Amino acid sequence: MTPPKRQRRYPRQDPPPPIAPVPAPAGDPQDGGPKEGEGRNPERLYILTGATDNGERAAIDLVTLIVAKAAAPPTVQPEQAALIRLCQAPLSVAEISAYLRLPFSVVTVLLTGLLTAELVQARAPIARQAMPDRSLLEAVMHGLQRL
């Protein structure tokens, strides 16, 4: 005995026709692959930074170290949450920019928002001139060993 065929009360709509894939851009003929940055849909930078940038940015340079104070709250943007996750250990702004693949100017705007919300802390890099002289440190170490 053959079971009866079921019919739907509301017929299913036909799925839309498949979209033809966009061919990958021709890259460098030497390596055969697409160049860096090609083949992706770029995000508009004002979307990442917020369209209401008033020009006030924190005084941050490429070697400023950034450290997260706590975990990212759910209210921050995805880029800011990624930045906070990266900065569990101190990282320079140049490293953050490279890891997130964002321009330095965008990273400074994101960091300014996080600094004002006190979610991250900016530390000045250790200047080589501020380090004590090695001979002085050795003299102190030998003096402590004699005690």
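What the table shows:
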| quantity | calculated |
| --- | --- |
| Selected residue (only one of Arg146, Arg85, Arg123 is open to solvent by 70 Å² or more (accessible area, probe 1.4 Å) and without any contact (Cβ under 8 Å) to a residue 12 or more places away in the chain) | Arg146 |
| Flag for Ala59 being of a type outside the set (Lys, Arg), out of contact with any Pro (no Cβ under 7 Å at 6 or more places or on another chain) and at pLDDT 60 or above | yes |
| Filter result (part of a helix (DSSP H, G or I) and more than 15 Å from Ala124 (Cα to Cα)) within region 59-94 | Pro78, Glu79, Gln80, Ala81, Ala82, Leu83, Ile84, Arg85, Leu86 |
| Top-ranked residue in region 102-120 [being among the hydrophobic types (A, V, I, L, M, F, W, C) and assigned to a helix (DSSP H, G or I); ranked as most open to solvent (accessible area, probe 1.4 Å)] | Phe104 |
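The values are calculated or read from the model by the stated rules, or taken from the named source; none is laboratory data. Model, not experiment: these values are computed from the prediction. Please note: Cβ atoms are built from the backbone with ideal geometry, for glycine as well, and neighbour counts cover all protein chains shown. These area figures cover heavy atoms from the full protein model, side chains too; ligands, DNA and RNA do not enter into them. Shrake-Rupley method; radii C 1.70, N 1.55, O 1.52, S 1.80 Å.
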